[in-house]
Amino acid sequence: MQNRVLLVEDDDELRSLLARYLDNQGFTVREAANGRDGLTLALGQDCDLVVLDIMLPDISGLDVLRQLRARTHLPVVLLTARGDETDRIVGFEVGADDYIPKPCNPRELVARLQALLRRIAWDQKAELNASREYGDLRIEPAQRRIYQNGEPVDLTATEYEVLSVLLAHAGSVVRKTDLMQWALGRRLEAYDRTLDMHISNLRKKLGNDDPPRIETLRGLGYSYRVPT
C-alpha cells in the first residue's frame, strides 16, 4: 500500500495548503478542483485513497462518491462543513469511510489518512490471509472481501474493518471505544456518531435479522451474533 492521495477540493488556497502538507508528510498528491476531474482521476486507479469535498462547483461530492461506489471500493474521506450532521450521515450511507469537518487541521487529516492506510495494510499481511467462516458469512482477508451465502457483500473499506473486528470477537461484546480504535484507528470522542453510522449500514447490507446479528448493548458496545 502506497501513500497516493487524490485531493478533490475547489478552494484553491485550501487545496494548495493541504497538498503541501501532505507532500511534506510523504504522500504523493494529485489534485482536482471539481467533481468531474476528481471522478476521472479516481477511476484511473492512480491513487490509494481520496479526500473529497462535499461542496464542489459542478457536481456534488456526494454524487462523485455515489459514482465511485458503483465501480470501486477506493477509500474515501469526506471534507464536510463543520456542524452539518446531515452531510455526514448521507455521506456514510453513500459509502464514505471517514470525514473531517472544515476548516480542517492538516495534521489531523494526515493522522486520519495514515490510520486508514494502516488498517488496509494490516489485513494484507500473509499471516492473516486464511479465510474464516461465521455462519452464512465468509471473510477472505487476502481479498479484503466478505461473502454472504457465497455472494460478495458490497462494503466500504471501513465497513469491512468494523465487521472483521466484530467477527473476530463473535459472541463477545466489543466495547465501543475499542471498536473505534481497532477499526477506525482513532479515539472515540463525545457526540461522534461515525461508528453508529457504519454499524447501521452493515445491518442494512447484511439483512434486517430478528434478533439483529449485530446487537447493541447500551453503555457497553456491540456484539456479533452468528445466525443459526
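The values are calculated or read from the model by the stated rules, or taken from the named source; none is laboratory data. This one's a predicted model, so the numbers in the text were calculated from it and none came from an experiment. Methodologically, a virtual Cβ is constructed for each residue, glycine included, from the backbone with ideal geometry; neighbour enumeration extends over all protein chains shown.
Taking the criterion of being hydrophobic (A, V, I, L, M, F, W, C), touching a Leu at 6+ places or on another chain (Cβ under 8 Å) and either under 10 Å from D10 (Cβ atoms) or not assigned by TED's automatic domain parsing to the domain that holds L79 (or both), the only residue of region 31-47 that qualifies is A32.
Out of region 15-40, which residues are outside any helix (DSSP H, G or I) and acidic (D, E)? Answer for region 15-40, where residues must be outside any helix (DSSP H, G or I) and acidic (D, E): just E31.
The lone criterion from (1) of a type in the set (D, E); (2) in the same structural domain as N24 (by TED's automatic domain parsing); (3) under 23 Å from T72 (Cα atoms) left unmet by E140 is number (2).
The number of residues in region 66-87 being within 12 Å of the chain's Cα centre (by Cα) and not β-branched (V, I, T) comes to 5. Cβ-Cβ contacts under 6 Å between residues 6 or more apart (or on different chains), taken from a first residue in region 145-158 that is in contact (Cβ under 8 Å) with a residue 24 or more places away in the chain to a second residue that is surrounded by fewer than 18 Cβ atoms within 10 Å (Cβ to Cβ), are listed as Q148/D136; V153/K205.
Residues in region 201-221 that are of a type in the set (D, E, K, R), without any contact (Cβ under 8 Å) to a residue 40 or more places away in the chain and outside any loop (DSSP other than H, G, I, E, B): 3 in all.
Total residues in region 1-21 satisfying the condition of being hydrophobic (A, V, I, L, M, F, W, C), within 19 Å of the chain's Cα centre (by Cα) and surrounded by 14 or more Cβ atoms within 10 Å (Cβ to Cβ): the figure is 4. Somewhere in region 48-56, is a residue crowded, with 22+ Cβ neighbours inside 10 Å, under 22 Å from E161 (Cβ atoms), out of contact with any Asp or Glu (no Cβ under 9 Å at 6 or more places or on another chain) and not polar (S, T, N, Q)? Yes. At least 1 residues being within 18 Å of the chain's Cα centre (by Cα) and over 30 Å from M55 (Cα atoms) is the threshold, and among the strands (runs of 3 or more DSSP E) wholly inside region 100-194 those reaching it are 137-140, 145-148.
Looking across T86, T80, one residue alone is polar (S, T, N, Q), closer than 19 Å to Y191 by Cα, in a helix (DSSP H, G or I) and not assigned by TED's automatic domain parsing to the domain that holds G185. It is T86.
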